[in-house]
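See below for the structure under consideration.
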Amino acid sequence: MDKISVLNKEVAVYLMNDEDYISITDIARYKDPERTDYIIQNWLRNRNTIEFLGIWEQLNNPAFNPIEFDGIRKQSGLNSFVLTAKQWIGKTNAIGLVSKAGRYGGTFAHKDIAFEFASWISVEFKLYLIKEFQRLKEDERKQLGWDIRRNLAKINYRIHTDAIKENLIPAELEKPQINRIYASEADILNMALFGQTAKEWRDSNPDKTGNIRDYADISQLVCLSNLENLNAHFINENLSQCERLVKLNAIAIHQMTLLTADNKLELSAKRHIT
């Protein structure tokens, strides 16, 4: 479950069945922190709300109960009409609202419905909610792109280690000796791209966890993926470690220059404008 800050109010967001649901309990706190259930019930008493929820369910929920919906719609707007989120869900098999119990519980709504509820609470709050929600989705997209490239680097690293196993590891070596060869070859890539070995990076960054590659940016991960494939090819060609390092370093310089060229142009343009 994620949290976004909207006008100094924390609003929970969680993913269910690949759809984003937003806490309308948290949204209601913007209007009255002490009576969120009462505010949601008042919103559900509104005939326009019932119409909106019913149409949304008919568009998105094949199991929605239209007969129960018609009964609720006819009663909506009457002084005696009362409806809670749990009653709406139970009677109509609705999926647009979700009632969660526990410490992080409350009433959640599909983002389409949550934005509608936010409009009823405050147009200003709705606009800031949409802005922060979009920022969250953009951050998730960037992280997904980084993860894909990180996993690609790991896959190519397997190709790299297979080439080492087939060409550089003599028979009957002990496991610690084999691991030293793998580490040595990994450092060929580290030296070619980052200019330092894994140990040198750890020694100069004692406060950081993980390894040097965990802190690589997207351009470096793309380049690293290419270097792993090339090094596997050079190993199969029986090039010495020294020869491979020189070649890989030259390739890394060339590729990083190309991969970062767009960023440099953007920075240059910004400086020119300012």
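So here's what we get for this one:
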quantity: Elements of type strands (runs of 3 or more DSSP E) in the range 1-71, at least 2 residues being on the phi < 0 side of the Ramachandran plot and open to solvent by 70 Å² or more (accessible area, probe 1.4 Å); calculated: 9-16
quantity: Single match in K137, K86 (criterion: assigned to a helix (DSSP H, G or I), under 24 Å from the mean Cα position of the chain (by Cα) and of a type outside the set (F, W, Y)); calculated: K137
quantity: Filter result (assigned to a helix (DSSP H, G or I) and under 24 Å from T25 (Cβ atoms)) within the range 72-83; calculated: I72
quantity: Matching residues, the range 72-90, being open to solvent by 70 Å² or more (accessible area, probe 1.4 Å) and touching a strand residue (DSSP E or B) at 6+ places or on another chain (Cβ under 8 Å); calculated: K86
quantity: Those residues of the range 221-253 which are of a type in the set (V, I, T) and either at pLDDT below 85 or farther than 11 Å from A192 by Cα (or both), in sequence order; calculated: V222, I235
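The values are calculated or read from the model by the stated rules, or taken from the named source; none is laboratory data. The structure presented is a predicted model; accordingly, all values stated were derived computationally and were not measured. Neighbour counts are summed over all protein chains in view; Cβ atoms, including those assigned to glycine, are modelled from backbone coordinates with ideal geometry. For the accessible areas, the whole protein counts, side chains as well, though only heavy atoms, and no ligand, DNA or RNA atoms are used. Shrake-Rupley method; radii C 1.70, N 1.55, O 1.52, S 1.80 Å.
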